[in-house]
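Notes follow the structure.
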Amino acid sequence: MNTKKLLMIPGPTPVVDEISVEMARPVVSFKDKTFVDDFKWTIDTLNQMWHCDGKLFILSGSGTLAMEMAIANTLKKGDRYLLVSNGYFGDRFDEIAQKKGIIVDRLRTENNQSVTPNQIEQKLKQNIYRAVSVTHVDTSTGIIAPIEAIGQIVSRYQETLYIVDGVCSVAAEPCDMKTCKIDILFTGSQKAFGVCSGLMMLWASQRSLDRRISLGEIPEYYCDYQKWLPIMDDPTKYFATPSINLIWALKKAVQIIQSEGLIKRYERHIKNAKAMQCAFESMGFKVYAEHSCRAHTLSNLIYPEGIDDMDFRKKLEDEGIQVASGVGDFFGKMFRVGHMGNVDQATLIATIAAIEKALHWFDDKFDLGKGVSTYLNEICQK
Ligand code: PMP
C-alpha cells in the first residue's frame, strides 16, 4: 500500500488546502489589479502585525537571501559586527559577512544553552559594533535565544543595529519589532506561515532604512533595499517579477493567522511543543536544548543507545512520516521534528504514534502507546 506522507520536517511545513488552492490559481500579470491589491494588502498587514516603523520587503528567495539582505544593507567592508550563534544557522552569517570583508566577532554557544544577554553586553562594552545578529530559534539545535532581553541591551548602543533571524520563529514564537527593539527581522514562507518555500519577508525599521542610505552604493543588486522600496510602496511598479501565486498563498496564510489571533497562535505552539517534548522524553529520546531555552517550533531529539539514524528515518518514512536529520555535528546523532505553522493535533498524534511504532520495531523494550498517552495527558490538562 502506498502510505500518505506526512511532512514533519522543520520546514517546509504542511500546507493546508486553503493555501494550496491559492498556488493553483490561474496566473495573472503582476500589473493585474487583483494581484497588486493583494500584494499591497499583504505588505501593509504584515508591517502592522509585527509593529514595524519602517518597511517590509517581500522577495522571491529563501531565508538565506534574507540573511544576505540583512547584512548587505547594514554593514560595509571594514565594519565590526557581533555574531551571536546558537548553532549551524547562526554560523552561516559568518560566511556571508566574511565575503564582504566585515570584521566578525563571534559569541557561540558551547553547550545546549543559548548565549546570554550578559555575555552580549560584555562584548558591547568592549567594542563599537555596527550590528549584532541573533538567531531566534536555531533549527540545528532547537535553542531559542532571549531576543527581547537582548534587544533591551542592544538598544542602549546607538551605533548598533539589531538583526534577528526569525526563519524558524516568526508567526509561532512571540516576537515583534517594537517589543524586542529589533531593527531587522526576517523569515521564509515555508516555516510557521505554512506556505511553500520560495518567499522571504524582511522587516526593516526606520533606523535600518537610514543605515542603508548612509552606506551609499553597495555591491549587491537584487537584495538592495533601494531597488525594492518603490515597489513595496507601490506594487504597480516593476523591479523584478514577483512570485504572484506565492504572494496570494502568503495573503491566505496571513488571513489564517488573523482569524486564529497571534496570541492564540503563540499559545498553541507552546502547548503543543511542551506536550510533544514530554511525549518524546517518555519514549526515551533526549530533547537536546536545555529546558530554559527550548524552542516551540521543533524538537531536536537525540537517539537512545542502539538506534541507527539512517535505518530509523527510513523506517519512519515507510510509516509515512518524514522527519529531518541532524545537521553539522549532530548528523547521525539527532533527528528533528517540526511542529509549527498550521499543523493540527491529529497530525502530531499520528507522528508520535509512528515514531513509537518504529522504535518498537527496532527493539521491543520500547513500549507502545506511552508517547501518545503522554501527549494526550499533557494536552488535555486544563
Ligand atoms: N535561518 C534559520 C534559523 C533556518 O532554520 C534556515 C533554514 N532552515 C535558514 C536560516 C536558511 O533558510 P533557507 O533554507 O530558507 O535559505
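Return the residues of region 213-246 that are within 23 Å of D53 (Cβ to Cβ) and touching a Leu at 6+ places or on another chain (Cβ under 9 Å); say none if nothing qualifies.
Passing the criteria: L215, C223, Y225, W228, L229, M232.
Return the residues of region 3-42 that are part of a helix (DSSP H, G or I), among the aliphatic types (A, V, I, L, M) and in contact with a helix residue (DSSP H, G or I) (Cβ under 7 Å, 6 or more places away or on another chain); say none if nothing qualifies.
Of the residues in region 3-42, the ones part of a helix (DSSP H, G or I) are 17-23, 33-42.
Next, from what is left, pick out any that are among the aliphatic types (A, V, I, L, M): 19, 21, 23, 36.
Of everything in region 3-42, those that are part of a helix (DSSP H, G or I), among the aliphatic types (A, V, I, L, M) and in contact with a helix residue (DSSP H, G or I) (Cβ under 7 Å, 6 or more places away or on another chain) turn out to be I19, M23.
Answer yes if at least one residue in region 274-283 is within 19 Å of the chain's Cα centre (by Cα), under 23 Å from Q113 (Cβ atoms) and either assigned to a strand (DSSP E or B) or β-branched (V, I, T) (or both), and no otherwise.
No, region 274-283 contains no residue that is within 19 Å of the chain's Cα centre (by Cα), under 23 Å from Q113 (Cβ atoms) and either assigned to a strand (DSSP E or B) or β-branched (V, I, T) (or both).
Which of the residues that make up region 195-220 are within 16 Å of the ligand (Cβ to nearest atom) and not in a loop (DSSP other than H, G, I, E, B)? Explain how you work it out, then say what you get.
Initially, region 195-220 is screened for residues within 16 Å of the ligand (Cβ to nearest atom), giving 195-203.
Matches in region 195-220: L199, M200, M201, L202, W203.
Could you give every pair whose Cβ atoms fall below 6 Å, whose first residue belongs to region 163-178 and is on the phi < 0 side of the Ramachandran plot, and whose second residue is within 12 Å of the ligand (Cβ to nearest atom) and of a type in the set (S, T, Y), counting only separations of at least 6 or pairs across chains?
Here the result reads I163/S133; D165/T135; G166/T187; V167/T187; C168/T139; C168/T297; V170/T187; A172/T297, each pair linking region 163-178 to a residue that is within 12 Å of the ligand (Cβ to nearest atom) and of a type in the set (S, T, Y).
Which of the residues that make up region 280-330 are closer than 23 Å to K4 by Cα and among the aliphatic types (A, V, I, L, M)?
If the condition is that a residue be closer than 23 Å to K4 by Cα and among the aliphatic types (A, V, I, L, M), then L298, M310, L316, I321, V323, A324 are the ones that fit.
Select from region 74-127 the residues that are within 18 Å of C223 (Cα to Cα), out of contact with any strand residue (DSSP E or B) (no Cβ under 7 Å at 6 or more places or on another chain) and surrounded by 15 or more Cβ atoms within 10 Å (Cβ to Cβ) and list them in ascending order.
K76, R92, I96, K100
Of the residues I352, I379, which single one is of a type in the set (V, I, T), surrounded by 20 or more Cβ atoms within 10 Å (Cβ to Cβ) and within 28 Å of I257 (Cβ to Cβ)?
Details: I379 fails: surrounded by 20 or more Cβ atoms within 10 Å (Cβ to Cβ).
When all the criteria are applied, what remains is I352.
Can you tell me which residue is farthest from the ligand (Cβ to nearest atom) among those in region 143-168 that are within 14 Å of the chain's Cα centre (by Cα) and part of a loop (DSSP other than H, G, I, E, B)? Even if it seems obvious, please write down each step before you answer.
Looking only at region 143-168, we keep the residues that are within 14 Å of the chain's Cα centre (by Cα), and these are 143-145, 147, 163-168.
Keeping just the survivors that are part of a loop (DSSP other than H, G, I, E, B) gives 145, 166-168.
Values: A145: 11, G166: 8, V167: 4, C168: 4 Å.
If we take residues in region 143-168 being within 14 Å of the chain's Cα centre (by Cα) and part of a loop (DSSP other than H, G, I, E, B), then A145 is farthest from the ligand (Cβ to nearest atom).
So which residues in region 43-65 are of a type in the set (D, E, K, R) and not in a helix (DSSP H, G or I), if there are any at all?
Result: D53, K55.
Would you confirm, using the coordinates I've provided, whether E305 is outside any helix (DSSP H, G or I) and over 17 Å from the mean Cα position of the chain (by Cα)? Show your work before the answer.
Working: outside any helix (DSSP H, G or I): yes; over 17 Å from the mean Cα position of the chain (by Cα): yes.
The answer is yes for E305.
How many residues, within region 180-227, are exposed (fewer than 15 other Cβ atoms within 10 Å of the Cβ) and within 30 Å of D344 (Cα to Cα)?
The total comes to 0.
Can you tell me which residues in region 221-246 are closer than 12 Å to F57 by Cα, in contact with a Ser or Thr (Cβ under 9 Å, 6 or more places away or on another chain) and not in a loop (DSSP other than H, G, I, E, B)?
If the condition is that a residue be closer than 12 Å to F57 by Cα, in contact with a Ser or Thr (Cβ under 9 Å, 6 or more places away or on another chain) and not in a loop (DSSP other than H, G, I, E, B), then Y225 is the only one that fits.
Within region 169-196, which residues are polar (S, T, N, Q) and under 12 Å from the mean Cα position of the chain (by Cα)?
Within region 169-196, S169, T187, S189, Q190 meet the criteria.
Scan L75, L59, L82, L6 and give me the residue that is within 16 Å of the ligand (Cβ to nearest atom) and among the aliphatic types (A, V, I, L, M).
L59
Looking at region 228-241, is at least one residue surrounded by 17 or more Cβ atoms within 10 Å (Cβ to Cβ), over 30 Å from G369 (Cα atoms) and not hydrophobic (A, V, I, L, M, F, W, C)?
yes
Just a yes or no: is a residue in region 120-135 within 12 Å of the ligand (Cβ to nearest atom), at pLDDT 95 or above, among the aliphatic types (A, V, I, L, M) and within 11 Å of the chain's Cα centre (by Cα)? I'd like the intermediate steps shown before the answer.
As a first pass, look at region 120-135 and keep what is within 12 Å of the ligand (Cβ to nearest atom): 133-135.
Filter once more, keeping what is at pLDDT 95 or above: 133-135.
Subsequent filtering for residues that are among the aliphatic types (A, V, I, L, M) retains 134.
Those left that are additionally within 11 Å of the chain's Cα centre (by Cα): none.
No, that holds for no residue.
Which one is farthest from the ligand (Cβ to nearest atom), of the residues in region 181-194 that are touching a strand residue (DSSP E or B) at 6+ places or on another chain (Cβ under 9 Å) and over 21 Å from G87 (Cα atoms)?
At the first step, the residues of region 181-194 found to be touching a strand residue (DSSP E or B) at 6+ places or on another chain (Cβ under 9 Å) are 181-191, 193.
In the following step, the residues that additionally are over 21 Å from G87 (Cα atoms) were identified as 181, 183, 189, 193.
Numbers: K181: 20, D183: 17, S189: 9, F193: 12 Å.
Among them, the one singled out is K181.
Just to check your reading of the model, which residue among I231, I263, I247 is touching a strand residue (DSSP E or B) at 6+ places or on another chain (Cβ under 8 Å) and not basic (K, R)? I'd like the intermediate steps shown before the answer.
Values: I231 fails: touching a strand residue (DSSP E or B) at 6+ places or on another chain (Cβ under 8 Å); I263 fails: touching a strand residue (DSSP E or B) at 6+ places or on another chain (Cβ under 8 Å).
From the options I231, I263, I247, the qualifying one is I247.
Hey, M340 hits all of (1) surrounded by fewer than 21 Cβ atoms within 10 Å (Cβ to Cβ); (2) in a loop (DSSP other than H, G, I, E, B) but one; which does it fall short on?
Just one mismatch for M340, condition (1).
The values are calculated or read from the model by the stated rules, or taken from the named source; none is laboratory data. Keep in mind the model is a prediction, meaning the values are calculated, not measured. Quick reminder, even Gly has a Cβ in these numbers, built from the backbone with ideal geometry, and neighbours come from all protein chains shown.
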